[in-house]
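Shown next, in structure tokens, is the structure this report addresses.
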Amino acid sequence: MNAEGPLHRFDFEGRSVAYRVAGKGAPLVLVHGTPFSMHVWHRIAPLLARHRTVYRFDLLGYGASAKVEGADVSLGVQNRVLAALLNHWGIERPDVVAHDYGGATALRAHLLDGRDYRTLTLIDPVILRPQGSPLVRHVGAFGAEPFAGLPAYVHEAILRAYLDTASVRTLGDEELQPYLEPWRGEEGQAAFYRQIAQMDEAYTMAVEPMLDAVRCPVRILWGEDDRWLQAEQGVRLAAAIPGATLQPVSRAGHLVQEDAPEAIVAAVLPLLLGSERSAAAA
């Protein structure tokens with residue numbers, strides 16, 4: 001079995017969205033956050049693909065998806081991308097695992113676009129306030145343009161320093177390269193600051209009052225050592241979603257996929273196997 005799956009392209013309103021499909025069985029959709037790409041699931045997708053058909057994609061403006069000057073890459077468009085992809089794949093009620101901005105994307109598609117999930121697992125999701133690292137707040141204050149013109153070596157240093165705060169363990173240079181590569185070059189550098197400049201709490205505030213209307217079982221995982229979003233947000237989020245459970249992940253930062261991938265697999269697999277048993281009983 002090819003655990004990676006070939007790279008496919010989907011046209012969303014004239015812009016290309018990159019995705020991969022691997023495995024066999026009921027659908028499982030993985031949604032990454034910022035400033036990452038579908039690569040963030042590289043340790044997890046092969047294990048889950050033993051049990052499910054795993055769908056991964058790059059949000060608009062991220063990874064191998066289209067990076068277009070002046071384009072909307074905010075949370076205001078990403079839920080529509082997810083909804084369009086679910087239609088394209090012919091999926092009605094997938095299990096969904098979503099991280100960071102992917103959590104907001106999945107919840108917006110659920111609550112605003114009416115997409116139903118069998119289960120939803122949220123990993124350090126960006127939903128509640130306060131949001132944003134010091135870098136995010138700084139770029140937001142000045143806009144993307146001043147940073148898009150930085151010398152490449154300065155931009156590279158910013159990227160490395162920023163990503164270093166995402167995980168507890170230090171990622172080796174080989175591990176770091178796939179996270180850096182999409183943001184390199186003139187196009188990538190401009191895209192990196194573009195997506196930061198378009199971050200707006202209005203998109204999460206729109207669904208925050210609707211969290212009590214979530215229609216599927218929800219499990220929340222939160223890295224106890226997250227330096228981007230305080231772990232207490234997980235407690236507040238679990239209280240806001242009826243029936244949601246919270247699982248703190250020790251020795252993990254914001255990037256739980258790299259710090260503790262085994263914790264994600266251990267949390268998700270019982271949900272998947274439980275939903276399979278429920279489907280068989282029905």
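The values are calculated or read from the model by the stated rules, or taken from the named source; none is laboratory data. Note that this is a predicted model, so its numbers are computed, not measured. Cβ: placed from backbone, ideal geometry, glycine included. Neighbour counts: every protein chain shown. When the accessible area is computed, the model is the full protein with side chains, heavy atoms only, and any ligands, DNA or RNA have been set aside. Shrake-Rupley method; radii C 1.70, N 1.55, O 1.52, S 1.80 Å.
General observations
- Matching label, Rg/Rh (Cα atoms, Kirkwood Rh) computed from the structure shown, candidates [x] 0.94; [y] 1.04; [z] 1.02: [x]
- Accessible area of region 1-98 divided out per residue, in Å², using a probe of 1.4 angstrom: 36
- For Gln247, nonlocal amide neighbours, meaning residues 5 or more places apart or on other chains whose placed amide H falls under 5 Å from its own, are Ile220, Leu221, Trp222.
- Separation of the Glu181 and Arg50 label points, Cα + 7 Å toward Cβ, nm: 2.6
- Positive dipole terminus of region 26-92, leading residue within Leu82, Ala26, Ala71 (C-beta point charges): Ala26
- What separates the Cα centres of region 239-277 and region 34-48 is a distance of 14 Å.
- Note on Arg236/Ser133: beta-carbon distance plugged into 1/(1 + (r/R0)^6) with R0 of 25 Å gives a FRET efficiency of 0.85.
- Of the accessible area of region 164-282, computed with a 1.4 Å probe over protein heavy atoms only, carbon and sulfur atoms account for 54 percent.
- Cubic angstrom per residue, convex hull over Cα atoms of region 1-99: 89
- Extension gain for the segment Phe10 to Val265, taken as residue separation times 0.36 nm less the Cα-Cα distance, is 89.0 nm to one decimal.
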